[in-house]
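Novice: Encoded as structure tokens, here's the structure I'll be asking about.
The values are calculated or read from the model by the stated rules, or taken from the named source; none is laboratory data. These figures come from a predicted structure and were not determined experimentally. Here the Cβ positions follow ideal geometry from the backbone for every residue, glycine too, while neighbour counts run over all protein chains shown.
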Amino acid sequence: MRIGFIGLGNMGRHMARHLIHAGHLVTVYDTRPEAGVEHLALGAHWADSPAECARNAELLITMLPNPRVVEDVLLRGGAAGALPQGALWIDMSTSTPAAADRVAAEVLDARGVRRLDAPVSGMARGADAGMLQIFVGGADDDFRIALPVFEAMGDPDRILHVGPLGAGYTVKLMINLLWFSHLVASAEVLAMGVKAGVDLGVLRSSLLASPAASHFLENDILCVLADGDYDDSFAMALACKDLGLAVDLGRDLGVATELSALVEQIYRRSKAQHGELSGEMSPVRLYESLAGREFRLPNPAAALDDAALTV
């Protein structure tokens with residue numbers, strides 16, 4: 001299949017590589033020409049503009065930082081207008097239904113271009129391994145056409161068709177929102193328990209043995225507890241962007257988002273203190289400061305081994 005791929009960042013560069021390995025004819029574009037060097041070495045073609053990347057594509061994939069960039073690339077960059085009649089646009093960015101609808105209303109619908117929204121989870125590690133989870137919104141027929149392409153980039157057992165157009169965007173925003181909320185709640189609980197004198201390992205084990213257990217406490221936070229790794233593979237700037245999109249969606253839907261708005265404020269405070277490029281786990285550092293100590297397990301290897309048994 002002739003595929004145009006726009007956006008070769010931390011995630012997109014791996015995703016495009018897997019498509020090339022799967023035998024697709026891939027044309028790539030990024031604002032940084034150096035980002036495409038490895039893809040050209042594997043046989044991909046380079047495009048000098050978004051429009052050129054889309055021009056002969058049967059399927060165009062965008063993996064971009066935010067809705068504004070999606071609209072810039074598709075509309076002002078000319079990609080939407082360059083797509084052939086009957087082509088399929090798949091936006092795998094964490095974006096919003098409103099942005100895609102504007103692109104469709106201005107250009108795509110009149111040209112008979114179909115579309116899917118298919119944002120992903122799994123971070124750069126999952127993209128590198130070709131084991132992303134993909135949440136797809138759109139028509140059944142279009143999903144079936146795109147499924148082999150998704151399977152080249154993601155875990156076949158975790159490629160989910162979650163509903164009509166826009167559902168993929170919404171599901172991904174809700175996943176991120178709940179994960180960030182887990183982080184803030186877990187860090188606050190650990191700070192209080194530790195400052196009250198409870199051993200960190202004992203507190204965590206007690207929480208995991210209780211109805212308050214979570215995948216976050218069992219697995220995700222171990223990068224901090226074991227290695228002091230605040231996961232800079234996903235920057236705070238992107239985390240705050242996703243939180244803002246989720247809170248905005250709640251407002252647009254008329255759903256009160258008091259808790260989500262507070263989580264967003266805490267993330268933005270961490271971004272201001274630790275920097276835009278600091279890792280998505282950086283808000284834990286705010287609570288470590290309140291506790292007067294870093295959250296580190298004395299025997300991290302044992303904790304990692306225990307977690308591996310549950311994954």
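Novice: Among ALA100, ALA110, ALA167, which is the only one that is crowded, with 19+ Cβ neighbours inside 10 Å and of a type in the set (A, V, I, L, M, F, W, C)? Please lay out each step first, then the result.
Specialist: On the way: ALA110 fails: crowded, with 19+ Cβ neighbours inside 10 Å; ALA167 fails: crowded, with 19+ Cβ neighbours inside 10 Å.
Exactly one of ALA100, ALA110, ALA167 is crowded, with 19+ Cβ neighbours inside 10 Å and of a type in the set (A, V, I, L, M, F, W, C), namely ALA100.
Novice: For residues in the range 270-290 being touching a His at 6+ places or on another chain (Cβ under 9 Å) and of a type outside the set (Lys, Arg), which is surrounded by the most Cβ atoms within 10 Å (Cβ to Cβ)?
Specialist: Here is the first cut: in the range 270-290, the ones touching a His at 6+ places or on another chain (Cβ under 9 Å) are 282-283, 285-286.
The next check asks that each one be of a type outside the set (Lys, Arg); those that pass are 282-283, 286.
On the way: SER282: 23, PRO283: 27, LEU286: 18.
Per the criteria, the residue is PRO283.
Novice: Regarding the range 242-251, can at least one residue be identified that is in a helix (DSSP H, G or I), basic (Lys, Arg) and modelled with pLDDT under 95? So that I can check it myself, show each step before the final result.
Specialist: Initially, the range 242-251 is screened for residues in a helix (DSSP H, G or I), giving 242-251.
Narrowing the set further to residues that are basic (Lys, Arg) leaves 251.
Right, trim to modelled with pLDDT under 95 and you get 251.
There is at least one residue in the range 242-251 that is in a helix (DSSP H, G or I), basic (Lys, Arg) and modelled with pLDDT under 95.
Novice: Still on this structure: Pick from THR62, THR31: which is surrounded by fewer than 24 Cβ atoms within 10 Å (Cβ to Cβ), of a type in the set (S, T, N, Q), assigned by TED's automatic domain parsing to the domain that holds ARG144 and modelled with pLDDT of 95 or more? Working first, answer last.
Specialist: Values: THR62 fails: surrounded by fewer than 24 Cβ atoms within 10 Å (Cβ to Cβ).
It is THR31.
Novice: Next up: Considering each of ALA261, ALA196 in turn, give the residue that is exposed (fewer than 14 other Cβ atoms within 10 Å of the Cβ), of a type in the set (A, V, I, L, M, F, W, C) and farther than 16 Å from GLU294 by Cβ. Write out each step before concluding.
Specialist: Numbers: ALA261 fails: exposed (fewer than 14 other Cβ atoms within 10 Å of the Cβ).
Of ALA261, ALA196, the one residue that is exposed (fewer than 14 other Cβ atoms within 10 Å of the Cβ), of a type in the set (A, V, I, L, M, F, W, C) and farther than 16 Å from GLU294 by Cβ is ALA196.
Novice: Just give me the residues in the range 153-164 being within 21 Å of LEU19 (Cα to Cα) and surrounded by fewer than 19 Cβ atoms within 10 Å (Cβ to Cβ), in sequence order.
Specialist: The initial filter retains those residues of the range 153-164 that are within 21 Å of LEU19 (Cα to Cα), namely 153-161.
If the condition is that a residue be within 21 Å of LEU19 (Cα to Cα) and surrounded by fewer than 19 Cβ atoms within 10 Å (Cβ to Cβ), then ASP155, PRO156, ASP157, ARG158, LEU160 are the ones that fit.
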